[in-house]
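The values are calculated or read from the model by the stated rules, or taken from the named source; none is laboratory data. Since this is a predicted model, take the numbers as computed values, not measurements. For neighbour counting, all protein chains shown are included, and Cβ atoms are generated from backbone atoms with ideal geometry for every residue, glycine included.
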2 protein chains.
Amino acid sequence: MTGPSLSGARTAVVVGAGLAGTLMAIMLAGRGFAVRLHEQRADPRHEDTPGDDRSINLGMSARALYALGTVGLRDTVLALSVPMRGRLIHRERGGDRWQPYGVTPDEILYAVRRRDLNTALLARAAAHPGVRLFFRSRFVGLAKGPKPIVLRFAEGRDGTVRPVEADLVVGADGAFSAVRRAMQHGERADYSQQFLAWGHKELTIPASACVTPRLDLNALHVWPRPSGLVVAHPNRDGSLTATLFLAHEGEPSFSSLTTSSTVRQFFGSTFPEIEALVPELPAQFLSRPNGQLVTVRTRPWYHRDGIVLIGDAAHAVYPFYGQGMNAALEDCVVLDQCLSASPRDVGGAFAHFQWRRKRHTDVLADLSEQNFAEFRDGMRTVGRLLRWRADITLNRLFPERWVPLYTLVSHTTTPYADALLQARRQDRTMALAAAAAGAVAAGATWAALSRGPGTLSGCHRPSLHRRTR
Amino acid sequence: MTGPSLSGARTAVVVGAGLAGTLMAIMLAGRGFAVRLHEQRADPRHEDTPGDDRSINLGMSARALYALGTVGLRDTVLALSVPMRGRLIHRERGGDRWQPYGVTPDEILYAVRRRDLNTALLARAAAHPGVRLFFRSRFVGLAKGPKPIVLRFAEGRDGTVRPVEADLVVGADGAFSAVRRAMQHGERADYSQQFLAWGHKELTIPASACVTPRLDLNALHVWPRPSGLVVAHPNRDGSLTATLFLAHEGEPSFSSLTTSSTVRQFFGSTFPEIEALVPELPAQFLSRPNGQLVTVRTRPWYHRDGIVLIGDAAHAVYPFYGQGMNAALEDCVVLDQCLSASPRDVGGAFAHFQWRRKRHTDVLADLSEQNFAEFRDGMRTVGRLLRWRADITLNRLFPERWVPLYTLVSHTTTPYADALLQARRQDRTMALAAAAAGAVAAGATWAALSRGPGTLSGCHRPSLHRRTR
């Protein structure tokens with residue numbers, strides 16, 4: 001985090017004080033920038049601030065821990081988290097299935113509340129003399145002309161618009177980024193947003209409910225059903241934050257479940273365990289907002305040497321690989337490295353950042369889309385389960401050479417596209433090995449058959465050659 | 001165009017008086033609506049209005065002619081057009097290749113200037129007592145609440161914003177539709193825009209230049225080159241409107257050709273014929289704007305029973321299948337049919353419209369993307385040429401049962417996805433026939449070989465069976 005300060009670029013404005021924005025602000029301050037961090041919401045460090053309704057509890061893995069480590073926050077945040085050793089799949093016909101996240105003791109994930117992680121990052125940013133925080137400050141627009149870039153923020157109760165000058169602007173304002181819209185306005189920018197037909201809603205399982213039946217607090221709990229999915233992350237107070245994933249429209253769906261009796265009926269038939277664990281379930285269900293799930297792909301991620309996008313603003317993904325936050329924090333590491341490598345050419349650093357990063361987050365978007373079906377179905381297909389068992393076994397036998405895709409994504413910092421490439425090579429090896437094993441078996445069978453009766457004990461030897469006179 | 005008026009929905013506002021918007025306004029007036037047609041540009045019927053710089057000359061085919069026929073404009077517009085019997089490919093190494101658009105005399109396209117077609121439609125709309133026209137009236141926003149929908153338009157020199165009430169709103173305001181943005185705001189709307197790395201620029205080949213060398217005025221002229229593409233449509237005054245397609249960035253590109261000498265050099269080496277045909281080429285090139293090419297895919301196309309999108313606002317495509325305008329006018333026919341089928345359920349009509357139409361325009365977007373490479377390469381690959389010749393021959397032999405994809409798209413009103421399906425069936429038939437022909441040939445060869453020497457005259461019969469004692 002130390003390095004030469006950037007010549008000619010002194011003031012940085014970061015829009016969005018979420019996870020990536022706050023980490024990036026700390027990193028830019030470490031590079032000598034005078035950083036202003038603007039956030040349209042209230043300060044989450046104040047206990048009376050309402051929580052982020054969109055929140056899905058987070059599973060930190062290697063990438064997030066590495067990124068936090070670069071600013072010395074790894075241990076602080078680990079102390080706020082709950083280790084999860086694997087997934088506990090609660091099957092429809094009863095009986096649980098345990099799926100460890102890896103084969104070694106350190107291949108685990110850490111559950112953390114978004115707000116706790118954000119607060120830790122904000123405390124670190126606030127303590128840095130190079131960072132100034134501005135809450136309830138809503139980005140309104142910017143002028144892309146010559147430097148300095150002039151941004152406009154609406155502030156205070158009356159929404160007075162104030163101009164702010166910057167040499168460098170970071171758009172970290174999420175999937176529906178206003179900075180992105182302003183930056184790409186009038187440009188040949190590719191953009192796509194795609195919503196999942198399913199949304200999500202948070203439900204709370206209090207600590208008291210987790211006692212009987214005793215729920216393992218060092219696991220992610222998953223209740224996969226054809227018509228819905230519940231995932232629950234453990235919290236440090238012994239409670240669980242459950243997220244229900246359900247279709248927006250149709251039957252059953254968020255649209256169809258609008259009364260206490262329909263909600264009770266749905267959980268009673270589909271998720272009776274959840275009904276038993278969540279107190280006043282219909283009231284919770286009906287009072288809490290529904291979240292949307294969206295994939296955003298876009299390019300470019302930057303404008304000349306002035307504006308750059310990170311996190312969801314550049315690449316929002318579905319949450320089913322548990323990597324959205326990990327990828328957002330990793331963006332900060334890569335962007336910081338690029339700025340470090342070309343301190344005098346910020347435009348070149350931005351171009352390098354997009355070149356190094358975009359193909360990997362594109363792959364993550366694909367993997368996150370594909371994992372939706374996998375998660376919802378709870379890996380019920382025999383093929384998937386066999387594949388998973390083979391992966392685990394081969395990884396135990398050849399820990400260096402055989403690493404399952406999930407392990408590469410979650411327990412290493414191997415870039416996503418490289419991880420996928422390695423997994424595909426392993427797939428081909430497995431297919432070849434299976435073919436070779438089949439050929440060897442066939443050869444052995446043939447040899448045994450050729451040697452005459454008796455060699456295949458217990459088997460009837462078919463008459464292969466009909467004798468003719 | 002006659003039919004019951006829609007109960008409870010009396011005022012329609014159409015935003016965008018381009019081709020689709022104006023045709024839809026006429027159709028809605030025919031259904032009894034009081035129609036307001038708003039356009040942010042000036043009235044193109046006045047000769048002093050500057051032309052539409054984005055314009056690519058249009059090739060009208062069966063779909064556009066059918067749509068214009070429903071409001072009695074077919075013959076009016078045909079009189080403004082130039083028939084094109086096929087494409088004349090001007091090859092790099094000299095020599096032209098003629099590709100007729102079809103096999104029968106009526107399988108031709110009609111070149112028309114966008115402005116002439118638009119003017120004819122506007123004259124018909126202005127003559128209809130149910131349509132009122134508003135030029136220089138820019139759509140600013142709308143309130144999606146309960147009926148009536150309140151739209152806001154900025155009008156006059158001072159841009160005074162005026163509210164306009166409507167029961168039904170049609171967004172026909174192009175690829176970057178402001179109506180679409182307002183309609184989809186806050187909704188789970190899928191959206192994607194993708195720019196081609198190539199743009200375009202119009203150049204004029206005057207009538208005088210077409211005399212020597214004599215250019216066939218009943219053809220589309222195509223100069224395909226690896227680094228650029230020129231397409232020229234004939235005009236009624238004997239001139240040609242040429243469109244240069246070229247990369248935006250790189251070498252050569254619109255970015256690299258910024259001086260008279262670089263422009264002259266580029267045309268001299270890549271398009272010497274064009275250099276000879278276009279007077280003051282560098283000046284024309286440097287003074288005219290570059291156009292962008294974008295594919296837009298989105299859903300939904302409508303909001304409840306109030307707002308609906310047509311044309312480029314719903315589905316912008318690249319121009320390389322020559323179907324963008326044809327598809328836009330066809331939208332009007334399909335939407336009019338849907339409104340006719342459920343006059344009392346406008347929301348149902350909109351849903352039916354999207355259901356009937358979107359899968360077809362999605363296919364058109366794919367075909368238009370794929371055709372870029374085909375056009376640029378001038379069908380130079382042997383496979384493509386053989387395929388095209390086989391298609392034409394089979395179409396001549398079995399005119400009812402074998403119809404090439406291009407014919408289905410351009411000379412019929414078969415919906416695009418159905419056309420593609422039929423073409424794929426034909427592909428399979430051709431592959432099977434080729435395999436069968438191969439098998440027959442192989443069988444004949446085998447039989448001839450088996451019958452002993454002499455049956456395959458001039459061939460050496462290989463010794464297939466070695467005799468053993």
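Summary of values
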| item | result |
| --- | --- |
| Residue within the stretch A:321-329 that is under 25 Å from B:GLU187 (Cα atoms), free of Cβ contacts under 8 Å to residues at least 40 places away in the same chain and aliphatic (A, V, I, L, M) present | no |
| Residue identified as of a type outside the set (Phe, Trp, Tyr), in contact (Cβ under 8 Å) with a residue 24 or more places away in the chain and out of contact with any helix residue (DSSP H, G or I) (no Cβ under 8 Å at 6 or more places or on another chain) among A:ALA62, A:ALA127, A:ALA79, A:ALA123 | A:ALA123 |
| Helices (runs of 4 or more DSSP H) within the stretch B:325-421 that include 2 or more residues among the hydroxyl-bearing types (Ser, Thr, Tyr), out of contact with any His (no Cβ under 7 Å at 6 or more places or on another chain) and surrounded by 16 or more Cβ atoms within 10 Å (Cβ to Cβ) | B:405-411 |
| Failed item in (1) closer than 25 Å to B:ASP106 by Cβ; (2) at pLDDT below 85, with B:THR414 passing the rest | (2) |
| Filter result for B:VAL15 (crowded, with 24+ Cβ neighbours inside 10 Å and modelled with pLDDT of 95 or more) | yes |
| Residue check, B:ILE205 in contact with a strand residue (DSSP E or B) (Cβ under 9 Å, 6 or more places away or on another chain), modelled with pLDDT under 95 and either within 14 Å of another protein chain (Cβ to nearest Cβ) or buried (at least 19 other Cβ atoms within 10 Å of the Cβ) (or both) | yes |
| Test: residue in the stretch A:119-134 that is closer than 19 Å to A:GLY324 by Cβ, crowded, with 21+ Cβ neighbours inside 10 Å and in contact with a strand residue (DSSP E or B) (Cβ under 8 Å, 6 or more places away or on another chain) | no |
| Scope the stretch A:243-271; condition within 14 Å of chain B (Cβ to nearest Cβ), free of Cβ contacts under 8 Å to residues at least 24 places away in the same chain and closer than 15 Å to A:PRO289 by Cα; matching residues | A:SER253, A:SER255 |
| Any chance A:VAL334 is more than 16 Å from the chain's Cα centre (by Cα) and more than 14 Å from chain B (Cβ to nearest Cβ) | yes |
| Any hit, the stretch A:175-182, residues being within 21 Å of A:ASN118 (Cβ to Cβ), away from chain B (no Cβ under 14 Å) and surrounded by fewer than 20 Cβ atoms within 10 Å (Cβ to Cβ) | no |
| The stretch A:143-161 - residue that is in contact with a Lys or Arg (Cβ under 7 Å, 6 or more places away or on another chain) and farther than 13 Å from A:VAL14 by Cα and, of those, surrounded by the most Cβ atoms within 10 Å (Cβ to Cβ) | A:GLU155 |
| Matching strands (runs of 3 or more DSSP E) fully within the stretch A:22-121 where at least 1 residues are farther than 22 Å from A:VAL333 by Cα | A:82-84, A:86-90, A:96-100 |
| Matching residues, the stretch A:291-306, being out of contact with any Asp or Glu (no Cβ under 8 Å at 6 or more places or on another chain), part of a loop (DSSP other than H, G, I, E, B) and crowded, with 21+ Cβ neighbours inside 10 Å | A:LEU293, A:TRP301 |
| Residue count, the stretch A:208-241 (criterion: polar (S, T, N, Q), surrounded by fewer than 18 Cβ atoms within 10 Å (Cβ to Cβ) and under 22 Å from the mean Cα position of the chain (by Cα)) | 1 |
| Extreme residue, farthest from the other protein chains (Cβ to nearest Cβ), among residues of the stretch B:272-302 that are of a type in the set (Asp, Glu) and under 19 Å from B:SER227 (Cβ atoms) | B:GLU273 |
| Which numbered condition B:PRO129 fails, given (1) of a type outside the set (Gly, Ala, Ser); (2) touching a His at 6+ places or on another chain (Cβ under 7 Å); (3) not in a strand (DSSP E or B) | (2) |
